Amino acid sequence: MVMQNDEYVKLQESTSEIMRRWCGRANVGIILGTGLGALADRIEQETVIPYSEIPHFPISTVESHAGRLILGRLEGKSIVAMQGRFHYYEGYSAREIAYPVRVMKELGASTLIVSNAAGGLNPQFRAGDVMIIEDHINLLGVNPLIGPNDNRLGERFPDMSEPYSKELIALARKVALQNAIPTQMGVYVSVPGPNLETRAEYRYLRMIGADAVGMSTVPEVIVAAHAKMRTLGISVITDMGLPDALEPASLERILKNAAEAEPKMNQIIQGVLKQI
């Protein structure tokens, strides 16, 4: 059975345009989240393509997302990196949000590294911490796999017992230890946004087991699992959502904290790439 709007055909058209401009074959796909696009500058860039020039690709509408696909090499690996991602609150469907992961897979990537900026819920966390994601909770209310399933892309009922690779988690923790980078481990919960949460919502999210909250990541990881890609997820804690000590948050402060923590995250990602 084909997917809605014949997504498999769209994938071939997207990848054909990318391969027309780039003769490489990807090993790893990387998604760079809010305020976390600087890693793209460390890639030995072979081709840079604005999203607007890739057929069927969504367009970034968030100010802090550059909206470019970077193709090249980093730490000896062939990389396809998204400098900016898409969100449900922008008006995109979950399927559209995760579409680039399908493209990465078609380009050859078997591993996905996904990053995001998140609000801390665990009182032991601090703004500026790096959290390795060990699991997630989907509160978006949508799923990128809803609709007809195309068996060419994955099975109807993908297993989610290990959406984040235990092997990659262990490697990331090892790299962080080797470089004296303190890290947290935790559960990421995705909510629709774009508003931040109320005190009661922060309290509820903590009660159901979340350590950090954001507005992205989960659709991409679900599709990566559907495509049988290994995934490593990393959150940069940019602000704290502690209901009994809640302070107003601002985008400027969030981006500032993301920029200060980003070098630690990039060091971990590059160390992981070197060893996989």
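The values are calculated or read from the model by the stated rules, or taken from the named source; none is laboratory data. The structure presented is a predicted model; accordingly, all values stated were derived computationally and were not measured. Here the Cβ positions follow ideal geometry from the backbone for every residue, glycine too, while neighbour counts run over all protein chains shown. Note: accessible area is taken over every heavy atom of the protein model, side chains too, but ligands, DNA and RNA are not part of it. Shrake-Rupley method; radii C 1.70, N 1.55, O 1.52, S 1.80 Å.
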(request) State in Å² the accessible area per residue of the chain; use a 1.4 Å probe, count heavy atoms of protein chains only, and round to the nearest integer. (result) 43
(message) So if I take the centroid of the Cα atoms in region 214-235 and the same for region 131-181, what is the distance between those two points in Å?
(response) 5
(request) With only alpha-carbon atoms counted, please give the Rg and Dmax of region 177-234, in Å. (result) 14.1, 39
(message) If amide hydrogens are placed 1.01 Å from N in the peptide plane, which non-local residues have theirs closer than 5 Å to the one on ILE137?
(response) TYR188, VAL189, SER190
(message) Taking 4 °C and 1.567 mPa s as the conditions, I'd like the Stokes-Einstein D for region 107-178 in µm²/s, using the Kirkwood hydrodynamic radius from alpha carbon pairs.
(response) 84
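Measure off, as a whole percent, the carbon and sulfur share of the 1.4 Å-probe accessible area of region 141-218, all protein chains present. Intermediate values should be presented prior to the final figure.
Working: 2290 of 4080 Å².
C and S fraction of accessible area: 56 percent.
Quick check: at a probe of 1.4 Å, how many percent of the accessible area of region 1-128 sits on carbon and sulfur atoms?
Numbers: 2290 of 5000 Å².
Ligands and nucleic acids excluded, carbon and sulfur give 46 percent.
Can you give the longest run of the chain that contains no GluC sites (Glu not before Pro) sitting in a DSSP loop with at most 15 other Cβ atoms inside 10 Å? Numbers along the way, then the final one.
Values: sites that count: GLU63, GLU155.
Excluding the exposed sites themselves, the longest stretch runs over 156-276.
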(request) Give the accessible area for HIS87 in Å² (nearest 10); use a 1.4 Å probe, count only protein heavy atoms, and leave out ligands, DNA and RNA. (result) 10
(message) Ignoring everything except DSSP H segments at least 4 long, calculate the 222 nm mean residue ellipticity for the chain; use -39,500 (n - 2.57) per segment, divide by total residues, nearest 500.
(response) -10000 deg cm²/dmol
(request) Over the chain, consider all pairs of different Cα atoms and compute the Kirkwood hydrodynamic radius from their mean reciprocal separation; express it in Å, one decimal. (result) 18.7
(request) For the chain, with a Gaussian network of springs between Cα atoms less than 10 Å apart, report the residue from ASN266, ASN179, ASN195 with the top mean-square fluctuation. (result) ASN195
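Can you sort ARG20, ARG230 by solvent-accessible area, 1.4 Å probe, largest first?
Working: ARG20 165, ARG230 80 Å².
Correct descending sequence by accessible area is ARG20, ARG230.
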(request) Taking a cut-off of 19 Å between Cα atoms, list the aspartates and glutamates near LYS77, but don't count ones fewer than 8 places away on the same chain. (result) ASP41, GLU44, GLU46, GLU106, GLU167
(message) As a quick test, which of the pairs LYS174/LYS264; LYS166/LYS274; LYS105/LYS174; LYS105/LYS166 have an alpha carbon distance above 23 angstrom in this structure?
(response) LYS105/LYS174
(request) Name the long-range amide H neighbours of ILE30: under 5 Å, sequence gap of 5 or more, or other chain; modelled H, no Pro or chain starts. (result) VAL80, ALA81, MET82, ILE113
(request) Sort all Cα-Cα distances of region 207-264 into consecutive 10 angstrom bins from zero, then give the percent of pairs in each bin up to the one containing the longest distance. (result) 18, 40, 32, 10, 0
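Find the Rg to Rh ratio for region 166-276, where Rh is the Kirkwood radius over alpha-carbon pairs and Rg uses the same atoms.
Values: Rg = 15.3 Å, Rh = 15.6 Å.
On the Cα set of region 166-276, Rg over Rh gives 0.98.
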(request) Rank ALA118, ALA172, ALA227 by mean-square fluctuation in a GNM of the chain with C-alpha springs under 10 angstrom and give only the top-ranked residue. (result) ALA227
(request) State log₁₀ I(q)/I(0) for region 44-163 at q = 0.21, 0.23 Å⁻¹ as given by the Debye formula over alpha-carbon point scatterers of equal weight, solvent excluded. (result) -1.51, -1.57
(message) Distances longer than 16 Å among the Cα atoms of region 114-222: what percent of all pairs is that?
(response) 63
